[in-house]
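Just below is one structure, and these are the notes that go with it.
The values are calculated or read from the model by the stated rules, or taken from the named source; none is laboratory data. These numbers were taken from a predicted model, which means no experiment stands behind them. Neighbour counts run over all protein chains shown; Cβ positions are idealised from the backbone, glycine included.
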Amino acid sequence: MTQPHAANVETLAVHGGSFRSDPVTGAVVPPIYLTTSYQFQDTEHARRIFALEEIGYTYTRTVNPTREFLERRVSALEGGVGALALATGESASLYALLNIAHSGDNVVLSPDIVTGRNAGLVASLRQFGIDVRFAAETGSAESFATATDARTRAYYVESLSVPQLRAFPLAGAAEAAQQAGVPLIVDNTAQPLSVRPFEHGAALVIYSAAEYLGGHDGAQGGLIIDGGRFSWEAHGTRLPTLSEPDASYHGVVWTELVKKWNASPFVARTRAHLLRDLGAAINPLAVFQIIQGVETLPLRLRRQTANAREVATYLGAHPKVSGLATGAALIAFDLPSAAAAARFTDALTLFDPAVTYGGVRSAVLDRTSTSPRVVLSIGLEHAGDLLADLDSALAHI
């Protein structure tokens, strides 16, 4: 069947990737392949697949047809050349960095990460013997360049830090990355579609799918997308894991192997090496749920951000609110004290307490008793009902 031509995200979210219908039944919804194993035609067929001479299915930990539907859909939606779906967003971030950095190497992170939702990544990398450095200034090309040396393997930033809700100016880090020949990795979980990291010079984009992509608080997952704009082969000296023989996989050179398939060497090695060995495989049922979420992502985001604008306007004019910050459908603000913030949170009826954001239901994020800061994730409810709930809760402080 001829694949549809589409340039707009609303169409790509529904039709992007290679899936149009199941070739056996004609089903237009991707089937859920709940299988661990696959039948080989014969021993020679198995040998060719395991030797990476032919693409095929071996074991669901590394490859699964349902997962491929999601990978191709999100890659098309983001404007990439390949993607890998994993069990969580944290595993996507960790694998992306471990794929190119080994013990003795270093990576440079934006300073917001140490106090944000990806803070655990710092300790994990250090356990692997990787030196974690921080750019002195968010978004400054000079601060990234100063932290870079011959063993720097990647820059890693968040397009929007949570809970601070500071938008990261990608231009500076992208400029430094281009000059040094270092891949810029952008976690775009908080701003899908509204920020297009590949257009700003990113090499890779990371998503935690438990937030906006899934959108229904029913499944977790992570994605790594290669934009195809960074030449892994041209920067082989800095990135030896992709350009030198891999002893763990028949001595293949990933930048050479994938040429016959016009595929991403970064995605290929992450799948065949890290996913195979560390095993953060996503369940096919979770993949199916995330696919359903992706198909409505543009519509949900449009409604959620419209609601967020109304909420921000209301909060910005309230005398008890200060320090208002917004990003996509997220809103952060300060109340007069930590105790006031606690009373406000307890009085809310439509905003669920949550540790994730971006879902169809409005939520108040991981409140602590030591801070007057409140972070709201705005959902699909009617804006008037959300404003009434906020007004009633603010009256309790």
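Annotations for the structure displayed:
- Highlighted here are the helices (runs of 4 or more DSSP H) found entirely within region 45-127 that include at least 1 residues which are farther than 29 Å from Asp149 by Cβ and of a type in the set (Phe, Trp, Tyr): 65-78.
- Tally, over region 88-136, of residues that are in contact with a helix residue (DSSP H, G or I) (Cβ under 8 Å, 6 or more places away or on another chain), surrounded by fewer than 19 Cβ atoms within 10 Å (Cβ to Cβ) and touching a residue at least 24 places away in the same chain (Cβ under 8 Å): 6
- Sole residue being free of Cβ contacts under 8 Å to residues at least 12 places away in the same chain and either within 30 Å of Leu386 (Cα to Cα) or of a type outside the set (Ser, Thr, Tyr) (or both), chosen from Glu295, Glu244, Glu233: Glu244
- Between Ser337, Ser322, the distinction of being out of contact with any Asp or Glu (no Cβ under 6 Å at 6 or more places or on another chain) and farther than 21 Å from Ala190 by Cβ belongs to Ser337 only.
- Only residues that are closer than 17 Å to Ala286 by Cβ and buried (at least 23 other Cβ atoms within 10 Å of the Cβ) were counted across region 72-87, and they come to 6.
- Filter pass, Phe69 being surrounded by 15 or more Cβ atoms within 10 Å (Cβ to Cβ), over 16 Å from the mean Cα position of the chain (by Cα) and over 17 Å from Gly214 (Cβ atoms): no
- Where Ala268 falls short, out of the listed (1) within 30 Å of Arg373 (Cβ to Cβ); (2) crowded, with 22+ Cβ neighbours inside 10 Å: (1)
- The set of residues in region 325-375 that are under 20 Å from Asp217 (Cα atoms) and of a type in the set (Asp, Glu) comprises Asp352, Asp366.
- Scanning region 207-241 for residues that are more than 30 Å from Val294 (Cα to Cα) and either outside the structural domain of Ile55 (by TED's automatic domain parsing) or surrounded by 23 or more Cβ atoms within 10 Å (Cβ to Cβ) (or both) returns a single hit, Leu239.
- Selection count where residues are more than 21 Å from Leu94 (Cβ to Cβ) and assigned to a loop (DSSP other than H, G, I, E, B), scope region 173-190: 1
- Residue that is nearest to the chain's Cα centre (by Cα) [pool: residues in region 8-43 that are assigned to a loop (DSSP other than H, G, I, E, B), charged (D, E, K, R) and surrounded by 13 or more Cβ atoms within 10 Å (Cβ to Cβ)]: Arg20
- The set of residues from region 305-335 being exposed (fewer than 14 other Cβ atoms within 10 Å of the Cβ) and closer than 14 Å to Val374 by Cα comprises Gly316, Ser322, Gly323.
- Test result for Gly26, over 28 Å from Pro240 (Cβ atoms) and not assigned by TED's automatic domain parsing to the domain that holds Val14: no
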